[in-house]
1. Would you calculate the volume per residue, in Å³, of the smallest convex hull containing every Cα atom of segment 7-69?
2. How much FRET efficiency would the formula 1/(1 + (r/R0)^6) give for residue 44 and residue 10, where r is the Cβ-Cβ distance and R0 is 25 Å, rounded to 0.05?
3. Is segment 1-43 rounded, prolate or oblate when judged by the Cα gyration tensor, a ≥ b ≥ c being the square roots of its eigenvalues, rounded requiring a/c under 1.5 and prolate requiring a/b larger than b/c?
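What follows draws every value from the coordinates through simple rules; no lab data is involved. Model, not experiment: these values are computed from the prediction. When we count neighbours, we look across all protein chains shown, and the Cβ atoms used for this are built from the backbone with ideal geometry, even at glycine.
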Amino acid sequence: MREHFAPAQAGTRVGIALTATMLGIALGGWLSGRIFDVTGSYSAAFINGIAWNLVNVVIVIWLFQRSRRTPAPTALNAPPVRQAA
């Protein structure tokens, strides 16, 4: 995160990434069990898992392409840090 975002934003962005990861882990297991309960087979649950992983791959590819177009923030182009009152 520190390589791609300003240091003042690193904590917030790491927290968002970890929260999204934990929600995906929690909901993925529950959803696969629910799909099994409804269909009686794990085939649909595996297809669901593969579909979500493809969504993740698309997001990663989009982020890599975006990072090539936008320079990483440095001390010269980083937004100013706001001081607490």
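1. Values: hull volume 4.2 nm³, N = 63.
Hull volume over Cα atoms, normalised by residue count, gives 66 Å³.
2. On the way: r = 39 Å, r/R0 = 1.57.
That gives a FRET efficiency of 0.05.
3. Details: a/c = 8.18, a/b = 4.39, b/c = 1.86.
Prolate is the answer for segment 1-43, as a/c is 1.5 or above and a/b outweighs b/c.
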